[in-house]
Amino acid sequence: MWKQLRTCLAVICFAGCLLLFCDRSEGGEFAQALAWFASMQLVPAMLAGGFVVAGIILATTMLLGRVYCSVICPLGILQDVLASLRQKRRYAYRKGHPFLRVFFLGVFLIGFVLGIPVVYGLLEPYSAFGRMAASIGEPVSILAHNGVEWLVRKTGSFALAPQPLVFHGWTSLFTAIATLAIIAFLTIRHGRIWCNTVCPVGTVLGLLSRYACIRPRIDVSQCVHCGKCATGCKAGCIDAENGTVDSSRCVACWNCVNTCTQGALHFLPGKALSTTEKRGRRAALAALPGLLALPFNNAFAAESKGDQDIPALRRKERRAYAVPVLPPGAVDARRFSSRCTGCQLCVTACPHDVLHPRGDGTGLLQPVMSFEYGFCHFKCVACGMVCPTEAITRLSPEEKASIQVGRAVVHPDICVVTTDQVTCTACQRACPTGAISLVGEEALKRPAVDAEKCIGCGACEYICPARPLAAIQIEGNVEQHRL
């Protein structure tokens, strides 16, 4: 019964997390409604100052063991899915690797303290899953949607519209494929070795579950040392020969209980703790405040402005920005980099394809704005609504409309007014704040930008007809501010 309940909850959590990245609904409303699945993840909750969520996860671990790893964590559940591909689903007891666990946890913490997202973002389990879902799962969902649309169109119905397949860069794709390949290989060969060796969250929760109130125990009076429980344990933590279980590596999957034919294995409250266990439990409890002491939220206020539609026009090449344009609500590069784990949920949630993972080695895989496929609409706040770490502060449409993320810069030498000697007013008409005017004494006037009115939405860069690069581009602000 408990295994079936655990499996049902795991399926719900995994499906919810996956749908966050593969939402094909109009405007991304479905993803916003499911954003709480991302907020349930431990590291994002702690980064967002979600002390209640983080406290519940840690307290549950102290009570029931690492149920988080087998029920809530999407990367952990993915490993269960991959483990089912193993032809002979038989495992064996393996000694733990405490040195490697401490090493990877240390690397994660050092990367986090020093603000190196490429380090801690690659090891954080939710972000690792997010990159795979964004770079592999989302394109698959788009292809499936377009396949259904083609079939529907063949019947004479136009109820669905095809969706463009947006490429987010080779760095993001390679990272996702490499991560999936490594985890799949390790899982199929060795079960949950990634969780119990590499994953920093697994290491921290393993420390707490070692002293959990309810954990797996072997009744030596009934055990016949047949080893069946060990063969079904994906974590490889059951030593059937000696009748012991390493509860720090147990993920509470309940496979062992169902496998044991002698009824010798149970998840039961412990007896009186030894002095060493009592000290360990007190140390684990004392560590909770430190684990929860992470950055607080930020708030902003702003003024309201309008919105307007811009006809579709795709860029041919992406311009290299001197200062990256960060999503509205990122505040500044330092704060954003320290909170963003590069999970790419905002990238997949953006309905206008403005956000793309950065792949230049600085802030690796963290999102930046780019305007080849669209521009940032006034009324769209999807990225802030789904961000689980609040690296992108949640803003109302009115607040977001007056946040200046960057400002437009004109390159008159490649403007079509100069190169083709034609009249062009595209950027002026597209600008929703009236920041662009046409100046000059000649008959053919050129655009000029009022930096006090420009908010950096990118409508002008998106609509500019100059090829292969736009003649007007958005340069990001080092620090976002309200106009």
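The values are calculated or read from the model by the stated rules, or taken from the named source; none is laboratory data. Computed from a predicted structure; not experimentally measured. Counting neighbours? That spans all protein chains shown, and the Cβs are built from the backbone with ideal geometry, glycine included. Side chains are part of the model used for accessible areas, which takes the heavy atoms of the whole protein and leaves out ligands, DNA and RNA. Shrake-Rupley method; radii C 1.70, N 1.55, O 1.52, S 1.80 Å.
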Longest principal axis of the chain (C-alpha) makes with the long axis of helix 200-209 (C-alpha) an angle, in degrees to the nearest 10, of 30
The range 161-200 scanned against label point 7 Å out from Val140 along Cα→C-beta; backbone N under 15 Å for 176-185
Heavy-atom accessible area per residue of the chain, all protein chains kept, 1.4 Å probe, expressed in Å², is 46
Relative contact order as a percentage, the chain, C-alpha pairs under 8 Å and 6+ apart, gives 18
A correct Stokes-Einstein calculation for the chain, using the alpha-carbon Kirkwood radius, 25 °C and 0.890 mPa s, returns a whole-number D in µm² s⁻¹ of 100
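On the accessible surface of the range 443-483, probed at 1.4 Å, how many percent belong to carbon and sulfur atoms?
56
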With the convex hull built on the alpha-carbon atoms of the range 121-190, volume per residue in Å³ sits at 103
Carbon plus sulfur, as percent of the 1.4 Å-probe accessible area of the range 87-183, comes to 74
Result: in the chain the number of Lys pairs with C-alpha under 16 Å apart, spaced 8 or more or on different chains, is 9
For the chain, the longest principal axis of the Cα atoms and the Cα long axis of helix 138-154 enclose an angle in degrees, to the nearest 10, of 70
With Cα coordinates, the longest principal axis of the chain makes an angle with the long axis of helix 74-83, in degrees rounded to 10, of 60
One finds, for Thr419 and Asp450 with R0 = 22 angstrom and r their Cβ-Cβ distance, a FRET efficiency to the nearest 0.05 of 0.35
